[in-house]
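Below is one structure, written out as structure tokens; comments come after it.
The values are calculated or read from the model by the stated rules, or taken from the named source; none is laboratory data. Because the structure is a prediction, the values reported are computed rather than measured. Backbone-built Cβ (ideal geometry, glycine too); neighbour counts: all protein chains shown. All accessible areas refer to the heavy atoms of the entire protein, side chains included, with ligands and DNA or RNA removed. Shrake-Rupley method; radii C 1.70, N 1.55, O 1.52, S 1.80 Å.
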Amino acid sequence: MKVRNECPITENKNIEILNNRKFPLFCGCTEQKIEDDLIYEEEFAICKDSGVLFLNKLIPLEILYKNGHYAGSVGKIWDEHHRAFADFIANADSSNILEIGGGHGKLSQNYLKFKNANWTIIEPDSKHKFDNVNYIDGFFSKNICKDAKYDAIVHSHTFEHIYNPNEFLHEISDSLNGGGYMIFSLPNMQKWLENKFSNCLNFEHTIFLNE
């Protein structure tokens, strides 16, 4: 496991370990035997200067997302979100769009129903690919965009999965070639925390992000 030992937002090293627990790696349902579960230590920390809450130990991405990530693919609320977010993206009137982490492809399909665009999804393991979407297999970095000019980079419920948010935002900015939009949606982690939802901070959501 990679150890942070600093605030992931401010890079301040004045941190305090609050608690730790052993917890299953996979956040979802599985048919495998319980003895086959991967169990790791969740170490919760706080930056004493910024107040940022985060996990101090990180799972390597190739292990964490070995079987992909398809949250958001099932359910009425998710369907309503994808439609509303596609409508919001349409306000930017973009015709060449890169979506980061668009595994299930539902956002792209909601957008392309009523607007023509060149839509590309970058995802490490896209199992269900649509014919009207371009795909890049892998994790996002600015090197992916060297020869492409996107006028919008979008991501939905992806930012809370990013280990280094400052680097992520800089690389998106560099990839927009001096113009364009980054458009994204986030879960309401503040409400999750108030409701004591165990998936607020876990191996996939390693930083507490509120407005």
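Name the single residue, out of those in region 1-50 being within 24 Å of LEU169 (Cβ to Cβ), within 20 Å of the chain's Cα centre (by Cα) and surrounded by fewer than 12 Cβ atoms within 10 Å (Cβ to Cβ), that is modelled with the lowest pLDDT. Top of the filtered list is LYS2. Flag set for LYS106, criterion: at pLDDT 85 or above, open to solvent by 50 Å² or more (accessible area, probe 1.4 Å) and touching a helix residue (DSSP H, G or I) at 6+ places or on another chain (Cβ under 6 Å). Among the residues of region 135-155, those identified as open to solvent by 60 Å² or more (accessible area, probe 1.4 Å) and either within 19 Å of the chain's Cα centre (by Cα) or within 16 Å of SER94 (Cα to Cα) (or both) are ASP137, PHE139, LYS142, ASN143, LYS149.
Kindly indicate whether any position in region 123-132 is open to solvent by less than 50 Å² (accessible area, probe 1.4 Å) and touching a Ser or Thr at 6+ places or on another chain (Cβ under 7 Å). Checking region 123-132: not a single residue is open to solvent by less than 50 Å² (accessible area, probe 1.4 Å) and touching a Ser or Thr at 6+ places or on another chain (Cβ under 7 Å). Set side by side, the residues HIS128, HIS155 differ, and just one is out of contact with any strand residue (DSSP E or B) (no Cβ under 8 Å at 6 or more places or on another chain) and either outside any helix (DSSP H, G or I) or under 22 Å from LEU61 (Cα atoms) (or both), which is HIS128. SER173 falls short of the stated requirement of being touching a strand residue (DSSP E or B) at 6+ places or on another chain (Cβ under 7 Å), of a type in the set (Gly, Ala, Ser) and either surrounded by 14 or more Cβ atoms within 10 Å (Cβ to Cβ) or part of a helix (DSSP H, G or I) (or both).
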